[in-house]
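Undergrad: This structure is in structure tokens; I'll ask about it shortly.
Coordinate-derived values only; no laboratory data. Computed from a predicted structure; not experimentally measured.
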């Protein structure tokens, strides 16, 4: 597989070392000085409207589904922009978003990307790696970002091209729109299942932080008055997982999974709440899932999930994020 340096490949390397690795937060983090309304860069579209990072363009750029507009590439390519990027990347505002445990792994991934990419000259590679080897890792990251933005970013298709044979499929889609599918019933297994182990383990640690008691099974929660709380979290997880399972098979090849888009939106919406400080981790659980329940989701995701995403499903997505280690109640 051909390795190229573009925004998509840089995102894949950088997400390893940031506290919130979703498409939108990482893109906002990397592009911040470029789109900062208080700054002097602010590239605009053909109508003179300043660009900004939103869920749509962040997803498309990180997935390699869209090129980055030429006006943004031009703005990023200026020497003055590079200076602004370096200053920002070296600031506490930027470094506070890096995850200390995997920061070195992130730099190794970026170095590997630069070393192995086929669309950058050997001279340019040596110049970039010289900065890294001098110990200026954050400047190195800023310089790699500048080159990545100018790369060819559209490498995958958003949707398959429509063929004449798709007419029947369009009719089915129209029918399903008119006659909405009934929301599937949720069944919660009595015993914790293997796919639950990650988020359940984190819940056990949360209960320990609140009570001082080690928890190894649901029954341990009975005398601590947290069993109902635990079973409620399991129910919301299965509410989300049931919807996910129901719509997964209806996603066409090469189409984005709307549930992944939902996760991104929830992850972005709970960002500030999950970073706050709490007396114990159960309070953090309640604050984060409570915030998720209040979030509005995009019409695109709402339509693609048959309007099945309610309060419980939004809460359950938080536990899915814990399963994927994108969210933690208790840090190891």
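Undergrad: Projected area of segment 253-332, taken from the Cα convex hull and averaged over every viewing direction, in nm²?
TA: Details: hull surface 22.9 nm².
If I average the Cα hull's projected area over directions, I get 5.7 nm².
Undergrad: Moving on. Please find, in a Gaussian network model of the chain (springs between Cα atoms separated by less than 10 Å), the residue of 316, 135, 77 whose mean-square fluctuation is greatest.
TA: Its mean-square fluctuation being the largest, the pick is 135.
Undergrad: Let me check against my output: what whole-number percent is the relative contact order of the chain, with C-alpha pairs under 8 Å and at least 6 apart?
TA: Values: 385 pairs, mean separation 66.9, N = 332.
Dividing the mean separation by the residue count of the chain yields 20 percent.
Undergrad: Per residue Cα convex hull volume for the chain, in cubic angstrom?
TA: Working: hull volume 57.3 nm³, N = 332.
Normalising the Cα hull of the chain by residue number yields 172 Å³.
Undergrad: In Å³ and rounded to a whole number, note down the convex hull volume per residue for the Cα atoms of segment 1-113. Please list the in-between numbers first.
TA: Numbers: hull volume 12.8 nm³, N = 113.
Each residue corresponds to 113 Å³ of Cα convex hull volume.
Undergrad: When the chain is treated as a GNM, springs tying every alpha-carbon pair under 10 Å, which of 98, 30, 197 comes out with the largest mean-square fluctuation?
TA: Looking only at 98, 30, 197, the biggest GNM fluctuation is shown by 197.
Undergrad: If the chain between residue 38 and residue 299 were fully stretched, how many nm would it gain, using 0.36 nm times the residue separation less the Cα-Cα distance? Walk me through the numbers before you get to the answer.
TA: On the way: separation 261, 0.36 × 261 = 93.96 nm, distance 3.02 nm.
Going from the current span to full extension adds 90.9 nm.
Undergrad: How large is Rg over Rh for segment 189-298, taking Rg from the Cα atoms and Rh as the Kirkwood inverse mean of 1/r across Cα pairs? It would help to have the intermediate numbers written out before the result.
TA: Details: Rg = 15.8 Å, Rh = 15.6 Å.
Taking Rh as the inverse mean 1/r over Cα pairs, Rg/Rh reads 1.01.
Undergrad: Right, something else. Using a 10 angstrom cutoff on alpha carbons, build the Gaussian network for the chain and name the most mobile of 97, 233, 193.
TA: The residue with the greatest mean-square fluctuation here is 193.
Undergrad: What's the center-to-center distance, using Cα atoms, between segment 282-305 and segment 37-68 in Å?
TA: 25
Undergrad: On to the next question. Using Cα pairs closer than 8 Å and at least 6 residues apart in sequence, work out the relative contact order for segment 238-315, in percent. Numbers along the way, then the final one.
TA: Numbers: 55 pairs, mean separation 33.3, N = 78.
Relative contact order of segment 238-315: 43 percent.
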